[in-house]
Amino acid sequence: PSKSQSFLNELVIYFDAREPEFTTPSSKVFFAVSLLKDKAKTWVDNLLGDGEKHILDVFPAFTTFHSAFRARFNDPLEAENARLSLRGIKQGTGTVADYVLASEQYQDKTGYDDVALMEIFEAGLLPSIARTMYTLQSMPSTLAGWMIEAKKLDIQRLKQVNKNKQTPAEKPAQP
C-alpha cells in the first residue's frame, strides 16, 4: 500500500486494539491529526485557516477524516498503476515464490478478476514452467491453484538445476 494507505491502516488497527481509549468519534480525530507531519500537516493547517475553524468542524468523525485523507493523499490512478506494474513483473531468473510475492502486492488493486490475473500470472512465468502447467493431470482453475502448482514445478526445476551443477566427484558412480 501507499504511505497514506498504510498510515490509515495503522490508525484503524491501533483504534481497534485500544478501543476502550477511543470512546468518542472526536478522540480518534484528535489522535489521527496529532500524528500528521509534512504535507499532511500543512493540508490540515490550510483547512483550519487562522484559527477560524475547529478540527471537529472540518472532521466531525474519524470516518470523515479517513475519507478526506484518502481523497487527498491516495493515488487516484492506483488501479491503472497497479495493472501496469503487475504486467511488468516477470519471473526471470528468480523463483516462482519470489514472483508470486512480487505479483501479490498489486493483484488486489488492479480490479481484475481471477481469470485475467491467471493470464497475467502465466505470461510472467518462465516459459518452461508455463508449458508444463498444461501437462498437469488436473489443470488449476484458480489463481491460487496456478500459484501453488507453479511453485511445485519450480522446486522440481531448481532441484534439477542443482543436480546438474554437481561436480563429477560429487556425482554418484555410474555402473
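The values are calculated or read from the model by the stated rules, or taken from the named source; none is laboratory data. Remember, predicted model here, so these are calculated numbers, not experimental data. In this analysis, Cβ positions are derived from the backbone assuming ideal geometry, glycine residues included, and neighbour counts consider all displayed protein chains. Note: areas computed on protein heavy atoms with side chains; ligands, DNA, RNA excluded. Shrake-Rupley method; radii C 1.70, N 1.55, O 1.52, S 1.80 Å.
Details
- Residue count for the range 48-68, restricted to those that are open to solvent by less than 30 Å² (accessible area, probe 1.4 Å) and in contact (Cβ under 8 Å) with a residue 40 or more places away in the chain: 1
- Elements of the type helices (runs of 4 or more DSSP H) sitting completely within the range 56-173 and holding at least 2 residues that are in contact with an Asp or Glu (Cβ under 8 Å, 6 or more places away or on another chain) and of a type in the set (A, V, I, L, M): these cover 96-110, 127-133.
- Considering residues of the range 69-93 that are small (Gly, Ala, Ser) and over 26 Å from Lys41 (Cα atoms) only, the residue surrounded by the most Cβ atoms within 10 Å (Cβ to Cβ): Ala82
- Residues that are touching a Phe, Trp or Tyr at 6+ places or on another chain (Cβ under 9 Å), open to solvent by 40 Å² or more (accessible area, probe 1.4 Å) and among the polar types (S, T, N, Q), drawn from the range 3-23: none
- Counted residues, the range 29-47 - those being open to solvent by 60 Å² or more (accessible area, probe 1.4 Å) and within 27 Å of the chain's Cα centre (by Cα): 5
- Of all residues in the range 148-169, those that are under 9 Å from Val96 (Cβ atoms) and surrounded by 10 or more Cβ atoms within 10 Å (Cβ to Cβ) have Cβ atoms under 9 Å from Cβ atoms of residues that are among the charged types (D, E, K, R) and modelled with pLDDT of 95 or more, 6 or more apart or on another chain, in Ala150/Glu122.
- Members of the range 34-55 found to be at positive phi and not in a helix (DSSP H, G or I), listed by number: Gly49, Gly51
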